[in-house]
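One structure below.
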Amino acid sequence: MRFIPIAVLSLIFSNVAVAQEFTNVSAIAQGSKIVISYTLIGAESHPAYTVAVFGSHDNFGAPIRLATGSVGKSIKPGAHIIEWDVRAELGSYKGEITFELRGIPELVALAVKSPKTVRQGKNAILEWSGGSGAKTVTLEVVQAGVVVTSLGERQNNGNVSWSVPKDMKKGSNFQLRVTSGTETAMGAPFAVKSKVPLLLKLSPIALLALIPVFLKGGGDDDPSGVTDVLSDLPGSPGPP
């Protein structure tokens with residue numbers, strides 16, 4: 001049986017997705033097939049991608065059709081293999097082929113996960129998922145629809161550590177608003193509280209309240225009416 005000679009010279013990487021790339025890419029000819037292996041590294045905000053393979057035989061005009069394995073929709077980050085039946089698709093084609101892998105993130109509805117409480121002067125983790133595939137998102141903290149503070153544009157990696165301003169007003173019904181392209185999502189309401197919990201601030205007073213003070217009626221020798229606790233204790237026994 002005669003097979004079509006194909007020399008694979010190189011692979012071109014096309015990073016279409018945000019924080020997404022192909023690594024560990026290789027291609028070998030096995031009989032009438034080309035076996036392409038790769039590792040897809042994706043962003044946390046995009047759990048699945050649509051992967052396609054293009055070839056130089058048609059100037060990368062259309063993705064190859066007769067491929068099986070980790071190609072097409074719902075490809076998750078990780079190590080993968082694609083097998084292309086080049087003989088069935090190209091017939092008598094002879095020559096060298098350069099491949100191009102393209103990964104496009106599959107859109108996931110933008111969602112925001114807010115903390116229940118944050119404290120002035122402390123760090124809080126703000127989280128979100130999905131989005132339009134844009135490289136950045138805009139983060140804002142709002143209350144009753146009014147922007148209280150803006151965190152600006154951040155990488156669309158699904159989370160950010162927010163240093164809560166020390167002078168941020170306390171209250172409830174704050175929300176994190178995330179904008180990705182034309183899509184916007186709001187998180188559940190959260191509260192802003194003081195840096196030190198009230199219980200800890202009051203604890204020294206509570207401890208002082210436990211110190212016993214004994215009172216007795218005042219006399220000539222004790223005009224204040226307050227007797228030292230130690231004065232009521234029995235003295236040490238004398239010599240026998």
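The values are calculated or read from the model by the stated rules, or taken from the named source; none is laboratory data. Predicted, not measured: the structure shown is a model, and the values here were computed from it. Counting neighbours? That spans all protein chains shown, and the Cβs are built from the backbone with ideal geometry, glycine included. With ligands, DNA and RNA removed, areas are computed over all heavy atoms of the protein, side chains included. Shrake-Rupley method; radii C 1.70, N 1.55, O 1.52, S 1.80 Å.
Residues checked against (1) closer than 30 Å to L40 by Cα; (2) without any contact (Cβ under 8 Å) to a residue 60 or more places away in the chain; (3) surrounded by 17 or more Cβ atoms within 10 Å (Cβ to Cβ):
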position: R102; (1), (2), (3): yes, no, yes
position: P105; (1), (2), (3): yes, no, yes
position: V108; (1), (2), (3): yes, no, no
position: G131; (1), (2), (3): yes, no, yes
position: V148; (1), (2), (3): no, yes, no
position: Q155; (1), (2), (3): yes, no, no
position: W162; (1), (2), (3): yes, yes, yes
position: V178; (1), (2), (3): yes, no, yes
position: S194; (1), (2), (3): no, no, no
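Test S74 against the criterion of being at positive phi and within 33 Å of the chain's Cα centre (by Cα), and give yes or no. Quick ask: steps written out before the conclusion?
Details: at positive phi: yes; within 33 Å of the chain's Cα centre (by Cα): yes.
Judged against the criteria, S74 is a match.
Determine whether R102 is touching a Ser or Thr at 6+ places or on another chain (Cβ under 8 Å) and not in a strand (DSSP E or B).
Working: touching a Ser or Thr at 6+ places or on another chain (Cβ under 8 Å): yes; not in a strand (DSSP E or B): no.
Considered against the rule, which asks whether it is touching a Ser or Thr at 6+ places or on another chain (Cβ under 8 Å) and not in a strand (DSSP E or B), R102 comes out as no.
Take the residues in region 74-129 that are hydroxyl-bearing (S, T, Y) and more than 22 Å from I34 (Cβ to Cβ), then tell me which one is modelled with the highest pLDDT. Can you show your working first?
So in region 74-129, the residues hydroxyl-bearing (S, T, Y) come out as 74, 92-93, 98, 114, 117, 129.
If we keep only those that are more than 22 Å from I34 (Cβ to Cβ) too, we end up with 74, 114, 117, 129.
Working: S74: 89, S114: 84, T117: 94, S129: 85.
So, considering only residues that are hydroxyl-bearing (S, T, Y) and more than 22 Å from I34 (Cβ to Cβ), the one modelled with the highest pLDDT is T117.
Considering only residues that are of a type in the set (G, A, S) and assigned to a loop (DSSP other than H, G, I, E, B), look in region 49-89 and name the one that is least open to solvent (accessible area, probe 1.4 Å). If you could, list the steps in order and put the result at the bottom.
So in region 49-89, the residues of a type in the set (G, A, S) come out as 52, 55-56, 61-62, 67, 69-70, 72, 74, 78-79, 88.
Filter once more, keeping what is assigned to a loop (DSSP other than H, G, I, E, B): 61-62, 70.
On the way: G61: 60, A62: 45, S70: 24 Å².
Within region 49-89, the match that is least open to solvent (accessible area, probe 1.4 Å) is S70.
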*asked:* If K166 satisfies all but one of (1) in a strand (DSSP E or B); (2) open to solvent by 20 Å² or more (accessible area, probe 1.4 Å); (3) in contact with a Gly (Cβ under 7 Å, 6 or more places away or on another chain), what's the number of the condition it fails?
replied: (1)
*With respect to T39, is the statement that it is touching a Pro at 6+ places or on another chain (Cβ under 9 Å), within 22 Å of A111 (Cα to Cα), at pLDDT 85 or above and assigned to a strand (DSSP E or B) true?*
no
*Could you tell me whether region 56-73 includes any residue that is touching a residue at least 40 places away in the same chain (Cβ under 8 Å) and in contact with an Asp or Glu (Cβ under 8 Å, 6 or more places away or on another chain)?*
yes
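Conditions (1) in contact with a Pro (Cβ under 6 Å, 6 or more places away or on another chain); (2) farther than 24 Å from L107 by Cβ, marked per residue:
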position	(1), (2)
A124	yes, yes
G131	no, no
G145	no, yes
V148	no, yes
L151	no, no
G158	no, no
D167	no, yes
G171	no, yes
